[in-house]
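The structure under discussion appears below in the form of structure tokens.
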Amino acid sequence: MELNERADIDAGSIEDVRGSGGRGGIGGLPIGGGGLTGIVVTLVIALVGGYFGINTLGGGEDTAPTGNSTEQCANQQERTKLLECRNGLYVTSIQRYWQQALPTSFGEQYEPAATRIFSNRVTTGCGAADSGVGPFYCPADDKVYIDLSFYQVLSKELGAPGEFAQPYVLAHEYGHHVQDVLGTEAEMRRRQERDPGNANQESVKLELQADCYAGAWAHSAASTVDKDGDKIFTSLTDADIQEGIQTAGQIGDDTLQKRGGGEINPDGFTHGTSEQRQRWFRVGWESGDPKRCDTFSATTL
Ligand SMILES: [Zn+2]
């Protein structure tokens with residue numbers, strides 16, 4: 001996978017709020033030194049969005065953008081080597097895909113949503129959250145939140161070291177944004193309230209659909225272009241896509257429960273098994289058609 005050094009990040013697609021809270025770092029980084037077991041346990045329930053861990057910790061949150069990542073990346077030599085600039089290009093590619101695919105497939109206009117990069121903890125429209133919950137989408141403020149250190153957790157702790165793991169994670173979160181735009185997420189919440197006994201099963205369908213949407217983006221990612229028509233990826237191979245599938249396999253509920261040392265408890269699944277997550281990513285990737293991602297009507301997941 002190679003990004004195009006000449007491609008531009010869309011304005012407003014990335015907001016960097018790292019360090020804006022002044023006294024962050026109370027809890028330290030979520031990886032390394034101690035606390036690892038706790039982190040993995042947190043990830044078991046929270047990994048890759050949908051769920052957002054809200055807490056009441058006060059102070060130290062990242063709140064306001066401290067710099068304009070888009071401009072910083074534009075003026076940077078060899079910017080495709082910088083993690084935040086690479087992420088800006090991934091977000092640009094994902095949103096450019098949906099700007100075209102949402103009207104074509106669903107007859108709806110896409111509404112752009114920014115990704116906020118934070119460190120340690122952050123205040124969101126959904127409450128305060130910390131890095132331990134993993135990346136997430138907040139429907140209340142229409143933003144994707146990510147602490148970039150999560151990628152080290154994926155690589156070092158969760159067995160998903162491939163670089164394509166990064167755009168896969170972001171594309172999954174933007175899948176939740178698409179569900180928000182289409183009203184899928186709100187409908188699901190209403191069904192969960194009517195039938196709490198099936199709440200987890202509804203959550204699994206929502207998560208697998210987001211994986212499928214990520215696959216649909218992956219199908220077309222190599223042809224996405226920036227505002228000037230420059231390709232965003234100069235190289236994207238099947239081997240890269242396999243890294244996305246591998247990532248999906250490492251973060252299935254059953255695999256995470258095993259990794260956490262507990263027994264496998266299907267009633268507690270909220271995101272789907274490894275096999276299901278891989279299968280639905282593939283449905284999107286092979287068809288390139290987000291309409292095929294209707295996990296809510298599928299007879300088998
Ligand atoms: Zn999710």
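The values are calculated or read from the model by the stated rules, or taken from the named source; none is laboratory data. These numbers were taken from a predicted model, which means no experiment stands behind them. As a convention, Cβ positions derive from the backbone with ideal geometry for all residues, glycine included, and neighbour counts pool all protein chains shown. When the accessible area is computed, the model is the full protein with side chains, heavy atoms only, and any ligands, DNA or RNA have been set aside. Shrake-Rupley method; radii C 1.70, N 1.55, O 1.52, S 1.80 Å.
Here are the numbers for this structure:
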item: Residues of the range 274-301 satisfying the condition of being open to solvent by less than 30 Å² (accessible area, probe 1.4 Å) and free of Cβ contacts under 8 Å to residues at least 60 places away in the same chain; result: Ser274
item: Search result, residues across the range 258-273 that are surrounded by 15 or more Cβ atoms within 10 Å (Cβ to Cβ) and closer than 14 Å to Ser203 by Cβ; result: Phe269, Thr270, His271, Gly272, Thr273
item: Failed item in (1) open to solvent by less than 10 Å² (accessible area, probe 1.4 Å); (2) touching a Phe, Trp or Tyr at 6+ places or on another chain (Cβ under 6 Å), with Tyr110 passing the rest; result: (1)
item: Residue list for the range 81-95, restricted to those being assigned to a helix (DSSP H, G or I) and open to solvent by 20 Å² or more (accessible area, probe 1.4 Å); result: Lys81, Leu83, Glu84, Arg86
item: Qualifying residue in the range 261-270 (condition: touching a Ser or Thr at 6+ places or on another chain (Cβ under 6 Å) and within 19 Å of Pro135 (Cα to Cα)); result: yes
item: Count of residues meeting criterion [within 14 Å of the chain's Cα centre (by Cα) and among the β-branched types (Val, Ile, Thr)] in the range 91-143; result: 6
